[in-house]
1. With the requirement that a residue be among the hydrophobic types (A, V, I, L, M, F, W, C) and surrounded by fewer than 22 Cβ atoms within 10 Å (Cβ to Cβ), what does segment 214-269 give you?
2. Would you point out the residue of segment 64-81, among those that are touching a Leu at 6+ places or on another chain (Cβ under 6 Å) and not charged (D, E, K, R), that is nearest to residue 28 (Cα to Cα)?
3. Could you list all residues from segment 68-90 that are of a type in the set (S, T, N, Q) and in a loop (DSSP other than H, G, I, E, B)?
4. Pairs under 6 Å by beta carbon, first residue closer than 14 Å to residue 220 by Cα and of a type outside the set (A, V, I, L, M) in segment 181-206, partner surrounded by fewer than 17 Cβ atoms within 10 Å (Cβ to Cβ) and modelled with pLDDT of 95 or more, six or more apart or different chains?
5. Anything in segment 13-46 that is farther than 19 Å from residue 85 by Cβ and without any contact (Cβ under 8 Å) to a residue 40 or more places away in the chain? List them, or say none.
6. Could you go through segment 52-67 and let me know if any residue there is outside any loop (DSSP other than H, G, I, E, B), within 23 Å of residue 318 (Cα to Cα) and in contact (Cβ under 8 Å) with a residue 60 or more places away in the chain.
7. Quick check: is even one residue across segment 2-19 at pLDDT 90 or above, part of a loop (DSSP other than H, G, I, E, B) and farther than 17 Å from residue 122 by Cβ?
8. If I go through segment 87-103 residue by residue, how many of them are surrounded by fewer than 16 Cβ atoms within 10 Å (Cβ to Cβ) and small (Gly, Ala, Ser)?
Amino acid sequence: MGNSGSAVKVCTDHQGGINWLSLSPDGQRLLTGSEDGTARLWSTADSQCHGHFQGHESYITFCHLENEAAFTCSADHTIRKWDVMTGQCLAIYRGHTSIVNRILVAKDYLFSGSYDRTARCWSVDKEKQIQEFRGHRNCVLTLAHYSSRDVLEEEEEEEEEEEKVSRDLLVTGSTDCTVKVWWVSSGRCYQTLLGHTGAVLCLILDAPNRELFSGSTDYTIRTWNIVTGEQLKVFKEHQGSVICLELVNRHLYSGSADRTVKCWLVDTGERIQTYKAHKHSVSTLKYHAGILFTGSGDACARAFNSKSGVLQKIFRGHKFIINCIQVGKGFLCWDFTLPIAALVVLRELVWPAVLRVGDWMLF
């Protein structure tokens, strides 16, 4: 980005809005997934398109980029793996019976959450479903993954002898107002976290401290002990749905439909900063080197000093809601979705009536 906040490079080849973007671990490539059903791979050095991934039969909802492989999921009920060098589709993961909302790649696992009320685990290399996690009463919106080695003491692990083969756990958040923790090896639900009275829109995990944070349409953020399932704290100051979370150095940042971001001290629950300036919902957050970047339904990205709360820069240029931000070495990337009329239809499809469209759009 230039000093004025104007765009230095623009990636424009898609024929529809961009629903998600993902930066490669080395920061050299950017993957975009679009309403036009395609994904494209861009060089962050010259903004040129170096890959066109075509094959999905409906819009792409989410994407993830590794250095050598790209993953996309779609409203066509499938997930695809792509070779980033050739653009060839390497695998199609079939099994979901409705829109796949989210994917997560961890180790040799590929996890997915869907409007069909299930989450699933796949072998990345074998194009094979390993496990199905069934128990939510509505759409699975958000995912997190950790190993019990990161959180359980030796004596606690002995109590879970049946799970010794694999100590991986999956966390799912749903529009049924619950968060569930599952053993990956058996598909058994280890914990159901009850307390939210609205759809769970976002999760963030702090495994070393045994904590999970969840944001909801009930306007609250809740902190949970992921071993015992105990609810530790409730953060209540937002006046709208909590849409996104970011955790940095025991500081929790939350973006909301009330047009603000708040910063909380995790250990005390104290709210220490509120970032104002947004004209619509805050849809995405990213912290980098003391700067808090936000994306909003007012089509602007913003940069705040994270300590003082002072607005330092506004990035303009998009026409519609910004729903994802990625920060690389010396650059900021964001993506936008389709026009508001179409976005309302999409949000109603993916997130049912329990999530009020007005909370997102704030006309």
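1. 227, 232, 234, 235, 245, 247, 248, 265, 266
2. It comes out as 65.
3. Passing the criteria: 78, 86, 88.
4. Correct list of pairs: 195/231.
5. 14, 15, 34, 36, 37
6. Within segment 52-67, one or more residues are outside any loop (DSSP other than H, G, I, E, B), within 23 Å of residue 318 (Cα to Cα) and in contact (Cβ under 8 Å) with a residue 60 or more places away in the chain.
7. no
8. Residues in segment 87-103 being surrounded by fewer than 16 Cβ atoms within 10 Å (Cβ to Cβ) and small (Gly, Ala, Ser): 1 in total.
The values are calculated or read from the model by the stated rules, or taken from the named source; none is laboratory data. Here the structure is a predicted model, which is why all the values come from computation and not from measurement. Cβ coordinates were reconstructed from backbone atoms using ideal geometry, including for glycine residues, and neighbour counts include every protein chain displayed.
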